């Protein structure tokens, strides 16, 4: 049951939550761990870090995503508004 505010005292309110769906981010992190971080035996943490940028490029521009009809995420963007140098 909700309490009635007393006179002269503002009603306590719950902080609002930001409506963000984190499921896509969680899935991306799971994929990163499976396909990039643990897939190969890296010689050092620095070597693993060097391979992050190429993997993210592969993920966004070349990797098939079943949720996108086996197309990469870049295929969803309007080609007129995307920089051509990354393709």
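One table, with the values for the structure above:
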| read-out | value |
| --- | --- |
| When residues of region 53-87 are limited to those that are under 16 Å from residue 27 (Cβ atoms) and in contact with a helix residue (DSSP H, G or I) (Cβ under 6 Å, 6 or more places away or on another chain), the one modelled with the highest pLDDT | 55 |
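Okay, residues lined up against (1) closer than 22 Å to residue 64 by Cα; (2) under 18 Å from the mean Cα position of the chain (by Cα); (3) outside any loop (DSSP other than H, G, I, E, B); (4) modelled with pLDDT of 95 or more:
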| residue | (1), (2), (3), (4) |
| --- | --- |
| 2 | no, no, no, no |
| 7 | no, no, no, no |
| 11 | no, no, no, no |
| 14 | no, no, no, no |
| 17 | no, no, no, no |
| 20 | no, yes, no, no |
| 39 | yes, no, no, no |
| 46 | no, no, yes, yes |
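The values are calculated or read from the model by the stated rules, or taken from the named source; none is laboratory data. The structure presented is a predicted model; accordingly, all values stated were derived computationally and were not measured. When we count neighbours, we look across all protein chains shown, and the Cβ atoms used for this are built from the backbone with ideal geometry, even at glycine.
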